[in-house]
Amino acid sequence: MKTVFSPLHSRRDVKTELDGGLLIEPHEKPSRAETILARVKEQALGEILEPEEYGLEPVKRVHTADYVAFLKTCWQEWLAAGKPGEAIPAVWAGRGMRHRLPRDIDGRLGYYSFAAETSISDGTWEAARASANVALTAQKLVAKGERAAFGLCRPPGHHAHADVFGGYCFFNNAAIVAQAFRDQGYGKVAVLDVDFHHGNGTQAIFYDRNDVLTISLHGDPDLVFPHFLGFEDETGEGAGEGYNLNMVYPPNTPYSVWSQGLENACERIQTFKPDALVVALGVDTFEEDPISFFKLISSDYLTLGARLARLGLPTVFTMEGGYDVDAIGVNAVNVMQGFDRTA
Ligand SMILES: NCCCCCC(=O)NO
Ligand SMILES: [Mg+2]
Ligand SMILES: [Zn+2]
């Protein structure tokens, strides 16, 4: 399988993440992508390509122009306001307040975000742009005939809504790929999110549509991020009713249980008969992941990849979460190797 990777991911190098009342070293760190890349090379998974530049048009097929413009200038606005640290949202429109866009940078950060753990600093914009180009280059490879391609995206994307960032995500790479498939004439696309966390952004972006099926398996939002979306009664709305599927699992869920949800997802995908599949691949389902609570083991990712291959669909993988950096390379590349080894 071919891998798309951009060295520009390393421009995303914030030094803070608000966690437990402290500013900690971010879990979503550059070494994650470098470790996966090293494993791709060590395993000779396939050719490694740098991304092509697709510009902002494909990004704006998913994200609003004002949100994109905000991300581009946010850091400069923050500096111009004389702020001493990294840009961190700290105020949001709570119940009974107005969702209107203020002029002040603190208000703008709150308007365009849903969580406070995702600091912004110099280079975040460039890295987010490169990550979207990585995903779009992987999509192009598949559109040109590859059975599958691995978009080694960093920063991740599945928490990003049309005009909201959070959960370490800015541009929703999986949604951008799904929309690119649609814009290139693929009539129906399925997005399967196997990250430990709910793909709230992806769900929201396609929630009222029946041309893109969105499915996510994840930790119970009653207990974990993103807390306010991802419940099983969220099945889509309007034309999209029945085209969103959430499967929620408790702490200590092993592959033997989780894979029943995977089977359910695969059956739903086969019923939908899509022309392409996008897999939002997080490996924070791993037993040792520092911020999650499932109990998948490394060999399970080989099994996962093989199961996805058996869907027989043109497939684009977008890298999402996974924070046990010692294991992330093996676990992510195991998915690709499991896929490749399955006809
Ligand atoms: N306390 C913030 C947790 C953000 C979750 C990031 C992630 O892995 N999403 O898939
Ligand atoms: Mg998920
Ligand atoms: Zn995650």
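The values are calculated or read from the model by the stated rules, or taken from the named source; none is laboratory data. Model, not experiment: these values are computed from the prediction. Cβ atoms come from the backbone with ideal geometry, glycine included; neighbour counts cover every protein chain shown. What goes into the accessible areas is simple: the full protein's heavy atoms, side chains included, and nothing from ligands, DNA or RNA. Shrake-Rupley method; radii C 1.70, N 1.55, O 1.52, S 1.80 Å.
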At R0 = 30 Å, FRET efficiency that the Cβ-Cβ distance of Ala239 and Leu22 yields, to 0.05: 0.10
Lys pairs, the chain - Cα-Cα below 19 angstrom, 8 or more residues apart or on other chains: 11
Phi to ³J(HN,Hα) by Karplus 6.51 cos²θ - 1.76 cosθ + 1.60 over the range 308-315, Hz, x for Gly, Pro: 5, 4, 5, 6, x, 10, x, 10
Carbon plus sulfur fraction of accessible area for the range 203-328, probe 1.4 Å, in percent: 51
Long-range HN-HN contacts of Tyr249 with modeled amide H, under 5 Å: His218, Gly219, Asp220
Accessible heavy-atom area order of Met336, Met97, highest first, probe of 1.4 Å: Met97, Met336
For the range 114-130 and the range 25-99, distance of Cα centres in Å: 4
The range 92-218 - charge dipole about Cα centre, Lys and Arg +1 at Cβ, Asp and Glu -1, debye rounded to 20: 280
C-alpha long axis of helix 255-272 to longest principal axis of the chain, angle in °: 90
Cβ-defined net charge surrounding Pro251, 14 Å radius [Lys, Arg +1; Asp, Glu -1]: -4
Within the chain: Cβ-based charge dipole about Cα centre, in debye rounded to nearest 20 (Lys, Arg +1; Asp, Glu -1): 840
FRET efficiency estimate (nearest 0.05) - Cβ-Cβ, Leu223 to Ser256, R0 25 angstrom: 0.75
Extended-chain gain in nm, criterion 0.36 nm per residue less alpha-carbon gap, Glu126 and Lys83: 13.4 nm
Gap separating the Cα centres of the range 285-343 and the range 243-257, nearest whole Å: 15
In degrees, nearest ten, helix 30-42 long axis to first principal axis of the chain (Cα): 20
Gain upon complete extension [Arg310, Thr342; 0.36 nm per residue less C-alpha separation]: 10.8 nm
Cα-based helix-to-principal-axis angle, 325-340 vs the chain, degrees rounded to 10: 40
Of the trypsin sites (Lys or Arg not before Pro) in the range 84-185, those whose Cβ has at most 16 other Cβ within 10 Å and which sit in DSSP loop: Arg95, Arg98, Arg100, Arg103, Lys144, Arg147
For the chain: rounded, prolate or oblate by the Cα gyration tensor [a/c cutoff 1.5]: rounded
